[in-house]
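Asker: First the structure, which I've put down as C-alpha cells, then a few questions once you've had a look.
Only the coordinates and a few stated rules stand behind these numbers; no lab work does. Since this is a predicted model, take the numbers as computed values, not measurements. All Cβ positions, glycine included, derive from the backbone under ideal geometry; neighbour counts span all protein chains shown.
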Amino acid sequence: MLKARVITALILLGVFLVALFLLPDAGWAGFVAIVIGGAAWEWGGLAGFAPNKRLPYALVTALLSVTLYLALTGPMVGGTRTVYVLACLFWLVVVPLWLRRKWRLGNGSVAVAVGWIVLLPAGLALVQLRGISPYLVFAVMAAIWTADIAAYFTGRAFGRHRLAPRISPGKTWEGALGAVIAVVGYGLSILAWQGRLSGNAAAVFGAVGGLILLTGVSIAGDLLESLLKRQAGLKDSGQLLPGHGGILDRIDSLASALPLAGLALSIIYR
C-alpha cells in the first residue's frame, strides 16, 4: 500500500507540475475542469445520487467551471470577488455549523448546490491565480500540503486531545496547532523573501492572521469531507488514485482554502 501511495503521489505531482507550468491558459482551464468534473462525480457518490444522475452532474459541473472562468475573465474584481466572498462565507459560517450539528447532505437540490459551492470557486481560483503566476498557485497549494504534513506528524508525536472524535478520530488539536505553526512559518518566509513585510508590524500581523485563517479553513474542508464519507458509509470518496482514494480525498483541504486565497489575492492584484 505504501509503495502504491508513493508511486501515485509522484505521478500526480509530475502531471500537476507539467500542467501548471507548460500548458497554455486554455489547456490549464481544461485540465482544471476535468479535475472538477471528476470531483463532482465523487461528490455524487457521497450524496447518494443515482447512477444516471452522477454522470450528468459531473459533466455539467465541469462545463460550469469553464463557463464561470470565461464569464469572469479579466481583472480580479467585481463578480470574481463576489464568488469568493460567498464561498468564504460558506466555509467560515455554514461549515462550522454543519460540523457541529452533523447535517446530512441528502441527494436533492441541496446536495447539487453545495457541490457547486465547494468545487466551482476552487476551480475558478486555480485558473485565475495561475493567470497571475503559476508560482502563485504552487505557493498556495504548498501551504496546504505543509498544513497536512505538519498536522499528521505533530498529531502522531504529540496528539492527545481529539479535534473531532465523531467525525475524524485521528485528528487532534495538537496536530492542528502544528499545522498552524508550520503554515505561518512557511508563509512569513515566502513573504519576507518577496520583500512584502518590510518590517511593517501591521503587515506581519495581517499576514499571520490570514495564514491562521487559511489553515483553519483547510482543516474545515478536510473535516467536512470526512463527515460526508462517514455518513455515506464510505472509506474513500473514490478509487481512482491507488493508495490515495479519490480526487476529493486529495483536494478537500484545497477546495476550502483556495477561495480564501483567491479573495485575498483579488484585493492585492485589483
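Asker: Output the helices (runs of 4 or more DSSP H) that fall wholly within the range 93-162 and possess 2 or more residues being under 25 Å from residue 81 (Cα atoms) and among the aromatic types (Phe, Trp, Tyr), or say none.
Answerer: 134-158
Asker: Which of the residues belonging to the range 249-259 are hydrophobic (A, V, I, L, M, F, W, C) and surrounded by fewer than 24 Cβ atoms within 10 Å (Cβ to Cβ)?
Answerer: Scanning the range 249-259 gives a single hit, 254.
Asker: Which residues, counting only those in the range 174-197, are in contact (Cβ under 8 Å) with a residue 40 or more places away in the chain and either charged (D, E, K, R) or closer than 18 Å to residue 254 by Cα (or both)? Working first, answer last.
Answerer: Residues of the range 174-197 in contact (Cβ under 8 Å) with a residue 40 or more places away in the chain: 176, 179, 183, 186-187, 190.
Result: 176, 179, 183, 186, 187.
Asker: Return the total of residues in the range 194-243 being surrounded by 15 or more Cβ atoms within 10 Å (Cβ to Cβ), small (Gly, Ala, Ser) and over 21 Å from residue 168 (Cα atoms).
Answerer: Final tally of qualifying residues: 2.
Asker: Looking at (1) closer than 13 Å to residue 123 by Cβ; (2) aromatic (Phe, Trp, Tyr); (3) surrounded by fewer than 23 Cβ atoms within 10 Å (Cβ to Cβ), can you tell me which one residue 49 breaks?
Answerer: Among (1) closer than 13 Å to residue 123 by Cβ; (2) aromatic (Phe, Trp, Tyr); (3) surrounded by fewer than 23 Cβ atoms within 10 Å (Cβ to Cβ), residue 49 violates only (1).
Asker: Does at least one position in the range 156-176 carry a residue that is within 21 Å of residue 95 (Cβ to Cβ) and of a type in the set (Phe, Trp, Tyr)?
Answerer: Yes, the range 156-176 contains at least one residue that is within 21 Å of residue 95 (Cβ to Cβ) and of a type in the set (Phe, Trp, Tyr).
Asker: Still on this structure, please answer the following. Out of all the residues in the range 158-200, which are touching a Phe, Trp or Tyr at 6+ places or on another chain (Cβ under 7 Å) and hydrophobic (A, V, I, L, M, F, W, C)?
Answerer: Passing the criteria: only 163.
Asker: Quick check on the range 113-133: of everything there that is in contact (Cβ under 8 Å) with a residue 60 or more places away in the chain and within 17 Å of residue 54 (Cα to Cα), which residue is surrounded by the most Cβ atoms within 10 Å (Cβ to Cβ)?
Answerer: Going residue by residue through the range 113-133, those that are in contact (Cβ under 8 Å) with a residue 60 or more places away in the chain are 115, 118-132.
Now restrict to residues that are within 17 Å of residue 54 (Cα to Cα): 115, 118-120.
Details: 115: 23, 118: 27, 119: 24, 120: 22.
The qualifying residue surrounded by the most Cβ atoms within 10 Å (Cβ to Cβ) is 118.
Asker: Go through the range 4-25 and count every residue that is free of Cβ contacts under 8 Å to residues at least 40 places away in the same chain, loosely packed, with under 12 Cβ neighbours inside 10 Å and either in a helix (DSSP H, G or I) or of a type in the set (S, T, N, Q) (or both).
Answerer: Selection size over the range 4-25: 6.
Asker: Is it the case that residue 64 is within 20 Å of the chain's Cα centre (by Cα), surrounded by 15 or more Cβ atoms within 10 Å (Cβ to Cβ) and over 30 Å from residue 167 (Cα atoms)?
Answerer: Taking the combined requirement at face value, the residue satisfies it.
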